[in-house]
Amino acid sequence: MAKFHAQTLLTTDLATAYTAMVDQALTIRKYESLGNTEVQVDITEQDPGCRIHARRRVCVDLPGFMTKLMSPTNTYDQVDTWNPGSGGHHGQFEITVEGAPIHVSGTMSLREVAGGVDYVVDGEVKVSIPFVGAMASGFAAEQAGKVAAQEGRFLKGLLG
């Protein structure tokens, strides 16, 4: 298992940041901006928060040792849940990579801070492959951290 972290300051207010996070069209645009294809997003309002279910095709440049273990193009099935909390909104995410022994999970938060809203993603990746799982987890966590940072930059470009 390997961990990742990404943090972005959004120069907007909390309500605007949260509305963007749970907007279907913006979520689709966010994934497409990352090069994902066949993006499908369903959003369900819950009391008191929101559930986002996203499916998409993702292509990753794999290091040599992983090309023998999995395809570079896979379908990601992701569920995010957001709930209001003290000083902001808190969320959890789970990503299943279909056809690959990879599981990604973690937390997200939007908190008001001086200068805007702090968007923080903390996650962990587990790759269940004998002998190379730790090395593969490290690579996958590095990639997940980069993607979380790219998502933050997309939101910053959109919201300021």
query = Looking at residue 67, is it free of Cβ contacts under 8 Å to residues at least 24 places away in the same chain and not small (Gly, Ala, Ser)?
reply = yes
task = Working only within the stretch 97-110, note down all residues that are at pLDDT below 95 and under 17 Å from the mean Cα position of the chain (by Cα).
result = 97, 98, 102, 103
inquiry  = Please go through (1) in contact with a strand residue (DSSP E or B) (Cβ under 8 Å, 6 or more places away or on another chain); (2) within 22 Å of residue 150 (Cα to Cα); (3) at pLDDT below 85 for residue 133 and return the number of the only condition it doesn't satisfy.
reply    = (2)
task = All but one of (1) touching a Leu at 6+ places or on another chain (Cβ under 8 Å); (2) surrounded by fewer than 21 Cβ atoms within 10 Å (Cβ to Cβ); (3) of a type outside the set (Asp, Glu) hold for residue 135, so report the exception by its number.
result = (1)
inquiry  = For the stretch 26-97, give me every one of the strands (runs of 3 or more DSSP E) that falls completely inside it and has 2 or more residues that are surrounded by 15 or more Cβ atoms within 10 Å (Cβ to Cβ), touching a Pro at 6+ places or on another chain (Cβ under 6 Å) and not acidic (Asp, Glu).
reply    = none
ask   = Applying the selection to the stretch 98-126, what residues are part of a loop (DSSP other than H, G, I, E, B) and either aliphatic (A, V, I, L, M) or surrounded by 14 or more Cβ atoms within 10 Å (Cβ to Cβ) (or both)?
value = 100, 101, 114
task = Go over the candidates 113, 117, 147, 121 one by one and state the one that is within 11 Å of the chain's Cα centre (by Cα) and at pLDDT 95 or above.
result = 121
note = Counting only residues that are closer than 18 Å to residue 91 by Cβ and among the β-branched types (Val, Ile, Thr), the stretch 30-64 contains a total of 4
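The values are calculated or read from the model by the stated rules, or taken from the named source; none is laboratory data. The shown structure was predicted, so the numbers you read here are calculated from the model rather than taken from an experiment. Neighbour counts run over all protein chains shown; Cβ positions are idealised from the backbone, glycine included.
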